[in-house]
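First the structure, in the form of structure tokens, and then the observations on it.
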Amino acid sequence: MGEFVENLERIALELVANLAHGHATLRVPRNSNTGCRRVTYNNRGSRHSFCLLVYMLSRVHRLQVLGGSFTVRGLYYGDPLLIRSQSRIAEARLDVCRMLNTSPLTLGVLAASKGLMAGDVRLLMTNGDVLDSSLFCGPMTLPTDPEKVDRIETQADFVLIVEKESVFESLLSRNVFCTIERRFILITGKGYPDCCTRRIVHRLTEENHLPAYILVDADPFGIDIMLVYRHGSQAMSFSSQGLTTPSLRWIGLHPSEIPALGTGAVALGTGDNKKINDLLARNDLEPGVRQELRMLQDVQLKAEIESVIDFLTDDYIPNKINRNLFL
């Protein structure tokens with residue numbers, strides 16, 4: 001904590017020095033590592049952003065010195081006239097992360113978790129509470145602060161991540177834990193995963209030594225979601241420590257499977273093709289992933305997981321896992 005607080009206080013001292021010369025300016029590093037963005041009080045266009053940054057820095061410093069945590073929602077309702085919207089304070093939180101080169105989880109300013117988990121798993125919290133998903137068949141919302149999970153107990157053989165909540169619920173309604181005759185943990189981040197979901201997946205693979213598989217739509221945004229779990233968020237490229245799962249196994253849907261789906265595919269849109277080009281420009285793509293993106297470009301079609309939902313539990317998932325058909 002000492003170095004973290006020192007960095008916060010260094011930023012504050014630099015700001016005071018700037019103020020002495022009539023310049024109320026903060027520098028926020030860019031994601032692309034191409035310099036900094038200047039946020040200044042003297043510019044009316046960035047004045048509100050400047051005030052929110054100072055507010056967030058002061059709250060984070062207080063948390064680091066005194067302990068505890070806040071939620072983004074709680075900060076907003078603490079001073080809605082200043083903050084104006086939860087999205088603005090969430091962006092200020094990310095900017096502070098960029099300034100300190102750390103993840104949102106480290107700040108102590110937490111966003112409500114949206115991830116869901118079901119299956120053979122128990123979360124033992126630092127306060128003595130036990131969150132036990134194995135006692136019932138319904139989903140369990142992941143805790144807002146994953147660092148308050150002391151350890152994870154499970155007898156599962158693997159982790160299965162699905163992109164969407166609708167697929168997560170559909171699998172549960174089809175008794176997926178009975179159909180697939182192996183113990184496993186089912187997780188969804190409801191689209192792009194938050195830090196909490198990514199942290200729990202990371203811990204399951206690192207601490208519990210479980211292989212993790214992921215099932216996403218055969219479209220560029222589904223592939224991007226898979227890459228967020230595997231390599232981290234591009235918006236938080238400055239800090240992904242403890243939030244990535246490089247060993248993640250992508251079992252589908254693969255774009256190369258689209259021709260076999262028949263009526264289950266639809267045409268790509270302009271936004272889809274732009275996303276494909278953005279992904280192909282990345283330098284961290286595995287050859288197999290790059291090849292599947294090229295396939296999307298060639299066939300100009302995309303497909304959702306729901307197109308194979310009728311044989312997902314009986315055939316598709318077991319076949320992919322048992323035969324190691326993943327990228």
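The values are calculated or read from the model by the stated rules, or taken from the named source; none is laboratory data. All values reported here derive from a predicted model rather than from experimental measurement. Cβ: placed from backbone, ideal geometry, glycine included. Neighbour counts: every protein chain shown.
Of the conditions (1) touching a residue at least 60 places away in the same chain (Cβ under 8 Å); (2) among the charged types (D, E, K, R); (3) not assigned by TED's automatic domain parsing to the domain that holds residue 195, residue 120 fails just one. Which one is it? So the condition that residue 120 fails would be (3).
Checked against (1) in a helix (DSSP H, G or I); (2) surrounded by fewer than 23 Cβ atoms within 10 Å (Cβ to Cβ), residue 182 passes all but a single condition, namely (1). Exactly one residue out of 161, 200 is out of contact with any Cys (no Cβ under 9 Å at 6 or more places or on another chain), buried (at least 18 other Cβ atoms within 10 Å of the Cβ) and not in a helix (DSSP H, G or I), and it is 161.
The one condition from (1) surrounded by fewer than 17 Cβ atoms within 10 Å (Cβ to Cβ); (2) over 15 Å from residue 101 (Cα atoms); (3) aromatic (Phe, Trp, Tyr) that residue 4 does not meet is (2).
Among the conditions (1) at negative phi; (2) touching a residue at least 12 places away in the same chain (Cβ under 8 Å); (3) surrounded by fewer than 19 Cβ atoms within 10 Å (Cβ to Cβ), residue 206 misses just one, which is (2).
If I filter segment 19-37 for residues that are in a helix (DSSP H, G or I) and either within 20 Å of residue 106 (Cα to Cα) or out of contact with any strand residue (DSSP E or B) (no Cβ under 8 Å at 6 or more places or on another chain) (or both), do I get at least one hit? Looking through segment 19-37, at least one residue is in a helix (DSSP H, G or I) and either within 20 Å of residue 106 (Cα to Cα) or out of contact with any strand residue (DSSP E or B) (no Cβ under 8 Å at 6 or more places or on another chain) (or both). Every condition in (1) more than 22 Å from residue 230 (Cβ to Cβ); (2) hydrophobic (A, V, I, L, M, F, W, C); (3) not assigned by TED's automatic domain parsing to the domain that holds residue 26 holds for residue 100 except the one numbered (3).
Can you tell me which residues in segment 209-219 are assigned to a loop (DSSP other than H, G, I, E, B) and either in contact (Cβ under 8 Å) with a residue 12 or more places away in the chain or closer than 17 Å to residue 236 by Cα (or both)? Show your work before the answer.
As a first pass, look at segment 209-219 and keep what is assigned to a loop (DSSP other than H, G, I, E, B): 209-211, 216-217, 219.
Passing the criteria: 210, 211, 216, 217, 219.
For segment 235-246, the count of residues that are at pLDDT 95 or above, in the same structural domain as residue 290 (by TED's automatic domain parsing), outside any loop (DSSP other than H, G, I, E, B) and surrounded by 16 or more Cβ atoms within 10 Å (Cβ to Cβ) is zero.
Can you tell me which residue in segment 279-317 is nearest to residue 180 (Cα to Cα), limited to those that are of a type outside the set (Gly, Ala, Ser) and in a strand (DSSP E or B)? Within segment 279-317, the match that is nearest to residue 180 (Cα to Cα) is 302.
Given the options 168, 177, name the one that is crowded, with 17+ Cβ neighbours inside 10 Å, touching a residue at least 24 places away in the same chain (Cβ under 8 Å) and within 30 Å of residue 237 (Cα to Cα). Checking each option against the conditions leaves just 168.
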